[in-house]
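This report concerns only the one structure given below.
Coordinate-derived values only; no laboratory data. None of these values were measured; they are calculated from a predicted model. Neighbour counts are summed over all protein chains in view; Cβ atoms, including those assigned to glycine, are modelled from backbone coordinates with ideal geometry.
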Amino acid sequence: SPAATARLDLDGNPVEPLTICMIGAGGFIGSHLCEKLMAETRHVVLAVDVYCDKIRHLVDPAPPHLAGRISFHRLNIKNDSRLEGLIKMADLTINLAAICTPADYNTRPLDTIYSNFIDALPVVKYCSENSKRLIHFSTCEVYGKTIGSFLPKDHPLRKEPEFYVLKEDESPCIFGPIVKQRWSYACAKQLIERLIFAEGAENGLEFTIVRPFNWIGPRMDFIPGVDGPSEGVPRVLACFSNNLLRREPLKLVDGGQSQRTFVYIKDAIEAVVLMIENPARANGHIFNVGNPNNEVTVRELAQMMTEVYANVSGEAPLDEPMIDVSSSQFYGEGYDDSDKRIPDMTIINKQLGWNPKTPLKDLLETTLTYQHKTYKEAVRRQMSQASVS
Ligand code: NAD
Ligand code: UDP
């Protein structure tokens, strides 16, 4: 199609096809990024991951129209000498690989720290040594808690934006004590950001750091007992979807008072494509990518998901759709939480002209329609087998 042949960057120059080494391409974000790049660009993707279920439709085998455009490389970046060759072969490396589910941060802190810091080191090193551009995925969690969260509960300054809006180049990173192992992830991500920034400053590495703010949509995480372990705890979208599919109450951790801003995965992916195709505007920057207009408490999210799911499935909601659980019951000792996450959008707006579009209600409708269609039957089968045995 013409769109796929003549792409222009934001300054009106043609975009040449790139070869992209995408590490973690088989995950939630990677699968959407692969789809977008295949559908709308001529870039070539070397997809690296330990599994490919979420991109099977693109790689196993690649459909004829994508011949030569995408290949899957099953490897663990912890210990595979093929990694450097793939990075050398590419113009750009995008690193998405990570342990990034909060249930793991306090229960598997070593794996979390190794995955988010140690395992990313060779990727940074190979990019720097071979003068290859790197787009590295960090997290909004590097901001930790807001400054306002330390003020007394009803203090008027809590309402002032400078006490809660999170800015890439100004806000501090505020984590809890070491015994609160929740922060092992944020701290590992912060240190890899600092290392990448230092490689830029001292050795000229061309980098972009992305801080996603709760990107959600189809294919996020797994439904426990269906396409993931029965005892596994995914992120909140999949936890609540699982509860709705099983007709059990949604569990609100510590009262569900924490606030989040959710952005639709397809909006967020557009920001990543802009970074890929506008290196002069993206290099050297850290970008918040989120939707400040989609803020809810976790309790409000549970209410909205309950209503939307009832419409989508035609099943009446439970009489008591939610229950409270303590974080120590739900996550175990050492859990802690970010209180509020409003991304400042000034930098991404100025550099890339990007803005999120999809309201929370709309993205929940699309996503829960997908969850219902994809999982309802499998959950029904699994529950009836479990009740027999
Ligand atoms: P995901 O878990 O779906 O994807 C990560 C992928 O990396 C998985 O497919 C996994 O198999 C792969 N991977 C992990 N370790 C690997 C290794 N050693 N070798 C090869 N592959 C490996 O998570 P996601 O939501 O797609 O997140 C991608 C990145 O974005 C992560 O770095 C995460 O920290 C960051 N992030 C995402 C969000 C969000 O809202 N989804 C928020 C903050 C940060
Ligand atoms: N949460 C919840 N019930 C669940 C799962 C998560 O109340 O079943 C809460 C969790 O404590 C946090 C928020 O939902 O306050 C978002 O959690 P998520 O795992 O999506 O990741 P986070 O935004 O904390 O990185």
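Remarks
- If you go through region 236-247 and pick out every residue that is surrounded by fewer than 18 Cβ atoms within 10 Å (Cβ to Cβ) and within 11 Å of ligand 2 (Cβ to nearest atom), you end up with 0.
Condition check ((1) closer than 25 Å to Asp267 by Cα; (2) surrounded by fewer than 20 Cβ atoms within 10 Å (Cβ to Cβ); (3) more than 19 Å from the chain's Cα centre (by Cα)) across all residues:
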residue: Trp183; (1), (2), (3): no, no, no
residue: Leu191; (1), (2), (3): no, yes, no
residue: Gly200; (1), (2), (3): no, yes, yes
residue: Asn203; (1), (2), (3): no, yes, yes
residue: Phe207; (1), (2), (3): yes, no, no
residue: Pro212; (1), (2), (3): yes, no, no
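- Meets criteria (of a type outside the set (S, T, N, Q), more than 16 Å from ligand 2 (Cβ to nearest atom) and surrounded by fewer than 20 Cβ atoms within 10 Å (Cβ to Cβ)) for Gly68: yes
For (1) part of a helix (DSSP H, G or I); (2) closer than 29 Å to Gly332 by Cβ; (3) not aromatic (Phe, Trp, Tyr), each residue gets a yes or a no:
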| site | (1), (2), (3) |
| --- | --- |
| Val124 | yes, no, yes |
| Ser131 | no, no, yes |
| Gly148 | yes, yes, yes |
| Lys153 | no, yes, yes |
| Glu162 | yes, no, yes |
| Asp169 | no, no, yes |
| Gly176 | no, yes, yes |
| Trp183 | yes, yes, no |
| Ala198 | yes, no, yes |
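- From the options Ala302, Ala282, Ala268, residue that is surrounded by 19 or more Cβ atoms within 10 Å (Cβ to Cβ) and within 11 Å of ligand 2 (Cβ to nearest atom): Ala302
- Within region 248-299, the residues that satisfy the criterion of being on the phi < 0 side of the Ramachandran plot and among the small types (Gly, Ala, Ser) are Ser258, Ala268, Ala271, Ala280, Ala282, Gly290.
- All positions within region 241-250 that are out of contact with any Phe, Trp or Tyr (no Cβ under 6 Å at 6 or more places or on another chain) and away from ligand 1 (no atom under 15 Å from the Cβ): Asn242, Asn243, Arg246, Arg247, Glu248, Pro249
- Complete set of residues in region 92-122 that are closer than 23 Å to Asp337 by Cα, among the β-branched types (Val, Ile, Thr) and within 11 Å of ligand 1 (Cβ to nearest atom): Ile99, Thr101, Thr112
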